[in-house]
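The values are calculated or read from the model by the stated rules, or taken from the named source; none is laboratory data. What you are looking at is a predicted structure, and each value in this text was computed from that prediction instead of being measured. No Cβ is skipped: glycine too gets one built from the backbone with ideal geometry, and neighbour counts run over all protein chains shown. Ligands, DNA and RNA are stripped out before the accessible areas are found, and what is left, the full protein with its side chains, is counted by its heavy atoms. Shrake-Rupley method; radii C 1.70, N 1.55, O 1.52, S 1.80 Å.
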Amino acid sequence: DGSLPLTANGPLFTNPNWYRTLQEIKRDDRRLRLLSNAFLEYEVLERLALKTAINVELGQTQINFFSPSTAGAIGAAPPQKARGDVSNNNFYSWMSENTATYKRNIGDHEFDVLAGFTVQQFRNQGAEFAKTDYPDDRVPTLNAASTFVSGGTGVDEWSLVSYLARLNYNFKGRYLLSAAFRRDGSSRFGSNNKWGNFPSVSAGWILSD
């Protein structure tokens with residue numbers, strides 16, 4: 001008659017009808033993400049340029065899950081209690097970058113100096129709730145259920161401030177030298193060690209020249 005049985009009998013125990021489980025369990029994921037960036041660059045003097053940039057990222061995730069009483073689960077043949085889960089997360093991240101660059105050629109010597117600072121902040125706020133004991137399977141929203149199973153809210157956030165400098169030196173387009181220094185202050189570092197210094201140096205020789 002086209003109807004689907006609730007269970008499928010196995011040699012040892014009764015299982016849910018897995019085809020029915022696949023058809024009836026609903027999970028609706030909705031994700032929204034926005035990326036944007038803008039910058040302004042201005043040549044103050046010859047060879048000296050200032051640049052400021054702002055980058056923003058926004059995101060939202062919504063998940064609605066509903067398992068009706070006819071779906072069952074591994075080791076638990078239906079009918080079972082229907083269960084609904086709802087979660088919602090919203091986050092944003094923004095970063096501001098500000099640099100000054102100076103370039104100069106003196107004969108066979110080429111210099112490129114950069115200095116600046118960046119600021120970044122991230123925040124995520126979410127909530128998740130689950131309920132059961134629905135009067136029937138026709139209304140899957142949480143307000144139709146009578147028993148609270150689990151739930152909670154949470155916030156995750158951090159911020160970062162960085163100061164940076166870099167020197168590139170080029171001799172005759174053949175010998176290369178670069179040195180950089182970065183100082184980061186992070187809210188994720190320990191309370192007694194908020195700042196870290198990160199120097200680096202590199203050298204190169206273009207053999208083909």
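Tabulated values for the structure
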{"item": "Leading residue by the ranking (farthest from Val113 (Cα to Cα)) among those in segment 127-146 that are open to solvent by less than 50 Å² (accessible area, probe 1.4 Å) and part of a strand (DSSP E or B)", "result": "Thr132"}
{"item": "Filter pass, Asn105 being open to solvent by 50 Å² or more (accessible area, probe 1.4 Å) and within 30 Å of Pro79 (Cα to Cα)", "result": "no"}
{"item": "Close pairs from segment 192-205: first free of Cβ contacts under 8 Å to residues at least 40 places away in the same chain, partner open to solvent by less than 90 Å² (accessible area, probe 1.4 Å) and of a type in the set (Asp, Glu), Cβ under 6 Å, at least 6 apart", "result": "Gly196/Asp184"}
{"item": "Neighbours by Cβ (under 6 Å, 6+ apart or cross-chain): first from segment 55-66, more than 17 Å from Ile25 (Cβ to Cβ); second of a type in the set (A, V, I, L, M, F, W, C)", "result": "Asn55/Met95; Val56/Trp94; Glu57/Leu35; Leu58/Leu34; Gly59/Phe91; Gln60/Leu32"}
{"item": "Segment 139-171, residues that are at pLDDT below 90 and charged (D, E, K, R)", "result": "none"}
{"item": "Residue under evaluation Asp112, criteria (1) surrounded by 14 or more Cβ atoms within 10 Å (Cβ to Cβ); (2) under 30 Å from Pro79 (Cα atoms), criterion not met", "result": "(2)"}
{"item": "Wholly enclosed strands (runs of 3 or more DSSP E) of segment 1-48 bearing at least 1 residues touching a Ser or Thr at 6+ places or on another chain (Cβ under 8 Å), under 27 Å from Phe65 (Cα atoms) and modelled with pLDDT under 80", "result": "7-9, 14-16"}
{"item": "Matching residues in segment 147-167 - criterion: being closer than 30 Å to Thr101 by Cα and open to solvent by less than 50 Å² (accessible area, probe 1.4 Å)", "result": "Trp158, Ser159, Leu160, Val161, Ser162, Leu164, Ala165"}
{"item": "Pairs with Cβ under 9 Å, 6+ apart, first in segment 123-134 and of a type in the set (D, E, K, R), second open to solvent by 50 Å² or more (accessible area, probe 1.4 Å) and not in a strand (DSSP E or B)", "result": "Lys131/Asn143; Lys131/Ser146; Asp133/Lys81; Asp133/Ser146"}
{"item": "Subset of segment 114-167 that is within 29 Å of the chain's Cα centre (by Cα) and among the aromatic types (Phe, Trp, Tyr) - its residue that is farthest from Asn197 (Cα to Cα)", "result": "Phe129"}
{"item": "Check on Lys81, part of a strand (DSSP E or B), at pLDDT 85 or above, surrounded by 11 or more Cβ atoms within 10 Å (Cβ to Cβ) and touching a strand residue (DSSP E or B) at 6+ places or on another chain (Cβ under 9 Å)", "result": "no"}
{"item": "Residue selected from segment 57-78 under the condition modelled with pLDDT of 80 or more, surrounded by 15 or more Cβ atoms within 10 Å (Cβ to Cβ) and among the hydrophobic types (A, V, I, L, M, F, W, C), by the criterion nearest to Asn9 (Cα to Cα)", "result": "Ala71"}
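Table: residues versus (1) open to solvent by 60 Å² or more (accessible area, probe 1.4 Å); (2) in contact (Cβ under 8 Å) with a residue 24 or more places away in the chain.
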position: Gly2; (1), (2): yes, no
position: Pro5; (1), (2): yes, no
position: Ala8; (1), (2): no, no
position: Leu22; (1), (2): yes, no
position: Ser36; (1), (2): no, no
position: Leu45; (1), (2): yes, no
position: Asp85; (1), (2): no, yes
position: Tyr92; (1), (2): yes, yes
position: Ala100; (1), (2): no, yes
